[in-house]
Amino acid sequence: MVEAEGHLIDSQLMNAMFDTVVRHDAAFDVLEFRIGRTNDEPSFVSMRVTAKTPAALTGVLGALVALGCRVARTEDARLVPADRDGCAPEDFYSTTNHQTSVRLAGQWVAVERQRMDAVIVIEQTARAICRKLREIRKGDAIVCGINGIKIVPEFQERDRHGFAFMTNEISSERRVEVGVSRIAAMMRAAKQAGDKIAFVAGPVVVHTGGGQYFCDLIRHGYVDVLLAGNALAVHDVEQALYHTSLGVDMESGRAIEGGHRHHMRAINEIYRAGGLRAAVDSGVLTSGVMFECIRRNVDYVLAGSIRDDGPLPDTIMNLVEAQDRYTASLQGVKLVLVLSTMLHGIGVGNMLPAWVRLVCVDINPPS
């Protein structure tokens with residue numbers, strides 16, 4: 001028997017639960033269903049789920065738990081010690097990005113550092129914490145199976161005047177200014193509440209001439225964290241030193257003779273100065289996104305890739321270290337804006353709990 005509580009109807013979770021059961025070739029029998037009678041009152045459903053085999057039942061129950069259902073038993077979560085570093089037991093529970101609690105000694109304990117694709121480790125202090133597989137150490141108590149686990153999905157559809165407009169399909173036929181003004185209002189509200197805002201930015205910000213406006217946001221205190229790749233910093237420095245981006249003059253839009261070498265010259269100048277911060281301190285770098293971040297003490301992380309030129313000495317080429325630095329910088333962030341960077345945007349999305357608002361600004365909305 002499984003139970004679920006929340007805004008199940010207008011969030012369409014009820015349909016998703018029924019469809020999930022049918023898709024797994026199982027059957028459901030609704031035992032109790034209470035509809036919330038007001039805008040704020042949640043609904044409740046209790047149903048019996050049956051399947052042809054125990055394995056099939058385990059599969060459908062696991063899918064239902066991911067949607068916010070909980071197995072209606074009084075059992076605590078099952079804990080199994082890890083037998084080696086970096087490895088979890090075979091039936092470990094793989095987390096979602098939704099708010100999760102586990103039942104320990106008859107009490108529900110909220111899981112900390114919530115993120116998707118992680119395991120839940122129970123520490124000796126009875127704290128439940130999400131950890132990546134590589135963070136597991138031999139002897140860690142790992143939550144396994146689906147009993148004693150409760151998920152609370154986000155119900156953004158009720159947030160009519162805040163973020164709900166972002167759940168609508170994006171169309172080129174709608175006025176962009178409307179979406180921009182609402183995002184700006186969200187940013188102002190976040191700063192007024194004292195919340196941190198993170199930007200995940202690609203080099204397109206510089207290529208399209210948006211760097212100067214991004215600098216304005218930094219100067220006005222709207223950027224607390226900048227997460228990006230090597231390319232953003234390289235072309236930002238190129239623009240600051242040579243007024244080009246990818247060898248194209250930022251004013252005329254024309255390719256400069258020999259301009260294809262500018263980004264390599266920019267990398268060389270930063271190396272010669274000893275890094276971005278040293279370049280700012282010595283007066284080599286006097287403008288641009290990275291200059292403003294360093295000058296305003298904005299936390300920034302540059303994560304490298306196999307295709308990077310240089311890379312800059314500030315770029316982290318160890319992928320595990322870069323992931324950890326991203327995760328650390330995102331702690332306490334309440335609003336994230338992804339500007340034209342699919343890979344970094346997806347990576348950051350996987351690191352965030354569902355209640356952190358994320359806005360993607362891109363020429364290709366599905367990306």
Would you check if residue 236 is of a type in the set (D, E, K, R), out of contact with any strand residue (DSSP E or B) (no Cβ under 7 Å at 6 or more places or on another chain) and over 21 Å from residue 292 (Cα atoms)? no
If a residue must be modelled with pLDDT under 80 and in a helix (DSSP H, G or I), how many such residues does region 232-258 contain? 0
Residue 93, sole failed condition from (1) under 27 Å from residue 347 (Cβ atoms); (2) open to solvent by 50 Å² or more (accessible area, probe 1.4 Å); (3) among the aromatic types (Phe, Trp, Tyr): (2)
Looking at 28, 18, can you tell me which residue is of a type in the set (Phe, Trp, Tyr) and either in contact with a helix residue (DSSP H, G or I) (Cβ under 7 Å, 6 or more places away or on another chain) or part of a loop (DSSP other than H, G, I, E, B) (or both)? 28
If residue 299 passes every condition in (1) touching a Ser or Thr at 6+ places or on another chain (Cβ under 6 Å); (2) without any contact (Cβ under 8 Å) to a residue 40 or more places away in the chain; (3) open to solvent by 20 Å² or more (accessible area, probe 1.4 Å) but one, which one does it miss? (2)
Given the criteria buried (at least 18 other Cβ atoms within 10 Å of the Cβ), without any contact (Cβ under 8 Å) to a residue 24 or more places away in the chain and not small (Gly, Ala, Ser), does residue 45 qualify? no
Is it fair to say residue 61 is within 11 Å of residue 24 (Cβ to Cβ) and surrounded by 17 or more Cβ atoms within 10 Å (Cβ to Cβ)? yes
Any idea how many residues of region 116-134 are surrounded by 16 or more Cβ atoms within 10 Å (Cβ to Cβ) and modelled with pLDDT under 95? 1
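The values are calculated or read from the model by the stated rules, or taken from the named source; none is laboratory data. Owing to the predicted nature of the structure, the values given are computational and were not obtained by experimental measurement. Neighbour counts run over all protein chains shown; Cβ positions are idealised from the backbone, glycine included. Areas reflect the complete protein model, heavy atoms only, side chains present, ligands, DNA and RNA absent. Shrake-Rupley method; radii C 1.70, N 1.55, O 1.52, S 1.80 Å.
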